[in-house]
1. When Lys and Arg each count +1 and Asp and Glu each count -1, what net charge do the other residues less than 11 Å away from R33, Cβ to Cβ, add up to?
2. Keeping all protein chains in place, calculate the accessible area per residue for the range 1-79 (probe 1.4 angstrom), answer in Å².
3. Which whole-angstrom value gives the distance between the alpha carbon centres of the range 56-109 and the range 9-25?
4. Taking 25 Å as R0, compute the FRET efficiency from the Cβ-Cβ separation of H61 and E85 and round it to 0.05.
5. Please identify the GluC sites (Glu not before Pro) of the range 28-131 that satisfy two criteria: DSSP loop assignment and at most 15 other Cβ atoms within 10 Å. Which are they?
Amino acid sequence: MRHGKKVNHLGRTNSHRKAMMGNMATSLILHKRITTTLAKAKALRVYVEPILTKSKDDTTHSRRTVFSYLQDKDAVSILFRDIAEKIANRPGGYTRIIKLENRLGDNAEMAIIELVDYNTVYGGDNAQTAKKTTRRRGGSGKGKTAAPVAKAETAAPVAEEVEVIEETPELPEAEVAETPVAEAPAAEEAPKADDEENAEKGE
């Protein structure tokens, strides 16, 4: 009887299970999200979260301890360089398990396990960062004084342009009104005088 034994062996030998957990933990660190069965996801959460906690202390001993579990240099470097900064202020609970529909082939329960700080779907973490930025921006008085000055600068050129537009149309209208009236009758009278002279000669 298995009284009090909570470890899920996943139908594998101990060496096989450790190798599989190390490979899945490496994939989770590299890709930030993996899809697997629900039983494996729950086993992986117990396996990988102590490793993530270990990465907060960036020492040679911690790196060697983590490497003994992962057996991947790239994953260890990414874990200590990038992920450790993201999870620095989080006291545990670095992963999230989301259940999916059962697999078509064998009807197995499927799930997604992901790192909480790298999720872009849920807005909880993004909302917290947005609040922090608004607090920083709202406290400074520079933004409040700069806004009216900008409005005054933009309003002054508009007034000048309106004055120029009002003055310019008056000059062309006066010139156009005077010139055609004086020239048009002279052009019309000249042909009439020529027609009268020709008519007299012809008679």
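The values are calculated or read from the model by the stated rules, or taken from the named source; none is laboratory data. In this text the structure is predicted, and so the values were computed from the model without any measurement. So basically every Cβ, Gly included, is an ideal-geometry build from the backbone, and we count neighbours across all protein chains shown. Areas reflect the complete protein model, heavy atoms only, side chains present, ligands, DNA and RNA absent. Shrake-Rupley method; radii C 1.70, N 1.55, O 1.52, S 1.80 Å.
1. Working: positive: K32, R96; negative: E114.
Taking every Cβ under 11 Å from that of R33, the sum is +1.
2. Numbers: 4970 Å² over 79 residues.
Dividing the accessible area of the range 1-79 by its residue count gives 63 Å².
3. 15 Å
4. Numbers: r = 20 Å, r/R0 = 0.79.
According to the calculation, E is roughly 0.80.
5. Numbers: sites: E85, E101, E109, E114; in loops: E101, E109.
Passing both the DSSP loop test and the Cβ count: E101, E109.
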